[in-house]
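Just so it is clear, none of the values below were taken in a lab; they were calculated from the coordinates. Bear in mind the structure is a predicted one, so any value in this text is a computation, not a measurement. Reconstructed Cβ throughout: ideal geometry from the backbone, glycine too, with neighbour counts over all protein chains shown.
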Amino acid sequence: MSLSLSGVSPDPQGGFTRPVSRPIRARIDLNALHHNFSVARRHAGSSRIWAVIKANAYGHGQAQVARALQQEADGFALLEVENALALREAGFTQPILLLEGCFAAEDLQAVVRHDLTAVVHSPEQLAMLEAAPERPGRLYVKLNSGMNRLGFRPADLGAVLERLQQLDIRDVTLMSHFAEADGGRGIEAQLGAFSPVVRDTGLPFCLANSAALLNYPETRGAWVRPGIMLYGSSPFADVSADSLGLRPVMHLESRLIGIQTLAAGERVGYGGTFQAEQAMRIGIVACGYADGYPRHAPTGTPIAVAGLPSRVLGRVSMDMLVCDLSHIDAARVGSPVTLWGAGEGGRVDVDQVATAAGTISYELFCALAPRVPVTWG
Ligand SMILES: *Cc1c(COP(=O)(O)O)cnc(C)c1O
């Protein structure tokens, strides 16, 4: 299967023309993806599911993820017309939603010709529609219910719908996006802004991201839009993916390429931010920030080596990081290491790595570097 997604999908060999001997690998477990989709399906009830595959399927490979979900997903949601067309060219016939709508008039032409579903979120996009020679019959209208990013104010919806009617666009779905479905203030205020207009217009709606789908069944509309949960990660800071019944899809693995023995008082890596309190063995892992591992992961970030849990020591550098082998006597050069996911090296919850590094799994997945060879299976 070779789908060309120019410049977006990492080449299966990370851009290399022959197998790479440097040991870092990302393994994408498509069975886990199917499993997670079935969890989303269970939560979705009778709502249809947009599988969100923006950002190269959160770094998991747009072509491979879409192919894997081709029978299960009711549609695919992404950003760029170019990526939508790559799916159409590869024979995908299901609905495709452009989450940010059209960026240019040419995009609208592609929407009409290739039967895409565009979001309209701004007066500028409305004007673009009015100026277009051809128009789609179907649109998503995005409302700003309080996130204050994209969308029309609910009070302006009436006027927007009138203009769409004049263009003979009648198949309209209302959409909005939650800022705090994963905790904090929750969704009450935003739902309070959104629900009345849904009631008044009687139009179908689409609201739920992963967090809302898992936490707030009342947000299920005609469609739901899960992303991160499909990739096996938790949208909540305080609830593990495991306890949500989700399985990791991306497994980032490497090996030890060096071992050092430190004397008490010796320091490790750039800036010497870790200092050994006593003599200890440390392992050097072929994985650095140029592979997508977060440079901000501090000493203590979880990692697994030769089947045992360990911790990162000192600063992550471009091509290497250091781990603690004090309690892992069996570790040798060549021993397997798991950065996140599960493998020969052991198990590491990506959400814990993200938390340690002050970020979220979304960012770690999306940052997987093109130089890391990826396998799907
Ligand atoms: C990314 C995105 C989603 C998916 O969010 P998750 O938190 O990954 O489930 C849903 N809707 C919109 C508009 C998005 O941009």
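Extent of region 274-377 along each principal axis, from alpha carbon coordinates, in Å, largest to smallest?
So the three principal-axis extents are 38, 29, 21 Å.
For region 1-157, rounded, prolate or oblate, judged on the Cα gyration tensor with a ≥ b ≥ c (square roots of eigenvalues), a/c < 1.5 rounded, else prolate if a/b > b/c?
prolate
Name the shape class, rounded, prolate or oblate, that the alpha-carbon gyration tensor gives for region 73-129, where a ≥ b ≥ c are the square roots of its eigenvalues, rounded holds for a/c under 1.5, and otherwise prolate holds if a/b is larger than b/c and oblate otherwise.
Cα axes put region 73-129 in the prolate bin.
Largest first and in whole Å, give the semi-axes of region 37-84's equivalent ellipsoid, each being the square root of 5 times a Cα gyration tensor eigenvalue.
On the way: eigenvalues 77, 24, 16 Å².
Equivalent-ellipsoid dimensions as semi-axes: 20, 11, 9 Å.
Give me the three principal axis extents of the chain from the C-alpha atoms, as integers in angstrom, largest value leading.
Principal-axis extents of the Cα atoms in the chain, largest first: 77, 46, 36 Å.
What is the packing order of peptides 202-215, 76-89, 356-369, taking the mean over residues of other C-beta atoms within 10 Å and listing the highest first? Mind showing how you got there, number by number?
Values: 202-215: 22.4, 76-89: 20.4, 356-369: 18.6.
Per-residue mean Cβ counts within 10 Å order the peptides as 202-215, 76-89, 356-369.
Arrange the following residues from fewest to most other Cβ atoms within 10 Å of their Cβ: 229, 250.
Ordered from fewest to most neighbouring Cβ atoms within 10 Å, 229, 250 come out as 229, 250.
For the residues 303, 328, what sequence is obtained by ranking on other C-beta atoms within 10 Å, fewest first?
328, 303
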